[in-house]
Amino acid sequence: MSVSKAVSLPDVVMNTAVNAEIIAVGSELLTSKRVDTNSLYLTEQLNDLGIEVTTKYVVGDDRARLAETVRTAVSRSRVVLLSGGLGPTEDDVTRDAVAEALGRTLVFHPHIAEELEARFTKMFRVMPQINKRQAFLLEGAELLSNDRGTAPGQWIDHKNCWVMLLPGPPHELKSMFGRECLPRLEARVPKQSIETLVFRVAGMSESDLDQTISPVYKRYENPVTTVLAHAGDIQVHLRARCATPAEASALLSEVGTQIEALLGDRIYSRDSSSLEETVGALLSDAHATISLAESMTGGALADRLTSVPGSSAWFAGGFVTYSKKMKSQALGIPLEAIERHGAVSKETAEAMALAVREKMGTTYGLSVTGNAGPTTDGQEAPVGMVYIGISDARGTDVFHRQFIGDRPRIRSFAAQMALDILRRRIA
């Protein structure tokens, strides 16, 4: 019988997934005027190493709260990064909070203070005594040099965790992380690959989609599946983490193929393209053109289509016919017909789509009419009622939906539905 011997490799992670948590420090980040962009950069860099960011925090300049947050993070993740709070003033509490959380003392390093003073001298300035606070490192920490500012960073090996203290200014953080932290992480973490597959879906609700695909994704812990929904646009994100890009891609293909089979043509994009980009590509490939007759969307469809580069090749133009009078004058629809059927009706949507296609001479004519609220336009047009017409050489069809929500939400759903109807018609 053989007996295996455990080998301790404290600085190397073997065959285990490495997770990270990012803590952005600064009360200014809790206001509406500042956005934490550092965490986006750090996430991208960590993902390139196969490190998954599982949690992000924004904590104000509160030592006790920050210490509590750090204690939680180091107890469950292998990598913890803090940005900000390394300045010389009293509200820069990161050093003190992390020292408290890790149970370590702060040690003054005279040579750091001397280097800081020399930096000020080069700028023909006298260093304020308060800047000496930046010469304190946690016991056992490694100094991370700052070539673009005065705040040194710190690297701490703490039990089963690597803690990095980084400056808040983005240009300082990026330089320090790239020069000092990346090499250390690359030496410690076995290279893994994180690959992502995104399906964008239209024509179904979030609950219906989840009910459809959950029997597939629940069988897998890897890849991780996330469903995001916004105004008729649902995204299914699959994130696979494997030793190599090929293994991750194979896993995504295995799960993604099963999901594709269940969702069918409800999937309009597999590369994160928007619905208008997908429609534009289909029109371009078919050498087809589109014109619009919008009412309740007020030009939103035209705005989305013309946001696509090169849209002039397939988008001819359109009319915003918001009133009955404009529907008649601009499109040539008899006013008595509009009065008889109502501005929000199947007949009016059909007439609008046909009229704009013929007037503009395009392959397709697309129309939207409805009531986005907040007032009800009689019993025949309650808030949320939408009619969408699509016309081409094969004929004209009208689709009806009853949406719920406020005015912006109903208008957004209507525009999304109209583009999806156009997509299906072209395909």
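A short reminder: the numbers here are calculations on the coordinates, not readings from a lab. Nothing here was measured: the structure is a model prediction, and the numbers come from that model. Cβ placement follows ideal geometry from the backbone for every residue including glycine, while neighbour counts extend to all protein chains displayed.
Brief remarks follow.
- At R0 = 25 Å, FRET efficiency that the Cβ-Cβ distance of residue 287 and residue 399 yields, to 0.05: 0.50
- Point-to-point label distance, residue 117-residue 243, nm (Cα→Cβ direction, 7 Å offset): 5.4
- The chain: angle of helix 245-263 to the longest principal axis, Cα-based, in degrees nearest 10: 30
- Note on the chain: with charges restricted to the Cβ of Lys and Arg (+1) and Asp and Glu (-1), its dipole about the Cα centre is near 60 debye.
- Restricting the chymotrypsin sites (Phe, Trp or Tyr not before Pro) of the stretch 99-189 to loop positions (DSSP other than H, G, I, E, B) with no more than 12 neighbouring Cβ atoms within 10 Å leaves 124.
- Overall dimensions of the stretch 150-195 as given by Cα atoms, namely Rg and Dmax in Å: 12.0, 37
- 77, 193 arranged by Cβ crowding within 10 Å, fewest neighbours leading: 193, 77
- Per-pair calculated FRET efficiency, R0 = 41 Å: residue 182 and residue 129 via Cβ, rounded to 0.05: 0.75
- 25 Å tail of the calculated P(r), the stretch 275-426, as % of Cα pairs: 21
- For the stretch 265-306, alpha-carbon Rg and Dmax in angstrom: 11.6, 32
- With the simple spin-label model, which puts each label point 7 Å out from Cα in the Cβ direction, the residue 261 to residue 65 separation comes to 5.0 nm.
- Anisotropy class assigned to the stretch 104-186 is oblate, per the alpha carbon gyration tensor with a/c at or over the 1.5 cut-off and a/b no larger than b/c.
- Relative contact order [Cα under 8 Å, 6+ residues apart], the chain, whole percent: 11
- Summing +1 for each Lys or Arg and -1 for each Asp or Glu among the other residues whose beta-carbon sits under 13 angstrom from that of residue 310 gives -3.
- Using 0.36 nm per residue and subtracting the Cα-Cα separation, the extra length available between residue 72 and residue 142 on full extension is 23.0 nm.
- Surrounding net charge for residue 135, when Lys and Arg each add one and Asp and Glu each subtract one, Cβ distance under 15 Å: -3
- Per-residue HN-Hα couplings for the stretch 300-311 [Karplus 6.51, -1.76, 1.60; θ = phi - 60°; Hz; x = Gly/Pro]: 5, 5, 4, 4, 5, 5, 6, 6, 7, x, x, 5
- Helix 38-48 axis, angle to the chain major axis (alpha carbon atoms, nearest 10°): 90
- Of interest is the spacing of the C-alpha centroids, which for the stretch 288-359 and the stretch 114-186 amounts to 60 Å.
- Stretch gain in nm, segment residue 329-residue 271, where the contour uses 0.36 nm per residue and the Cα spacing is subtracted: 16.7 nm
- In the stretch 26-125, the GluC sites (Glu not before Pro) that fall in loop regions by DSSP, at most 12 other Cβ within 10 Å: 90
- With loop membership from DSSP and a limit of 11 other Cβ atoms within 10 Å, the longest segment of the chain without trypsin sites (Lys or Arg not before Pro) is 220-393.
- Helix 110-122 axis, angle to the chain major axis (alpha carbon atoms, nearest 10°): 60
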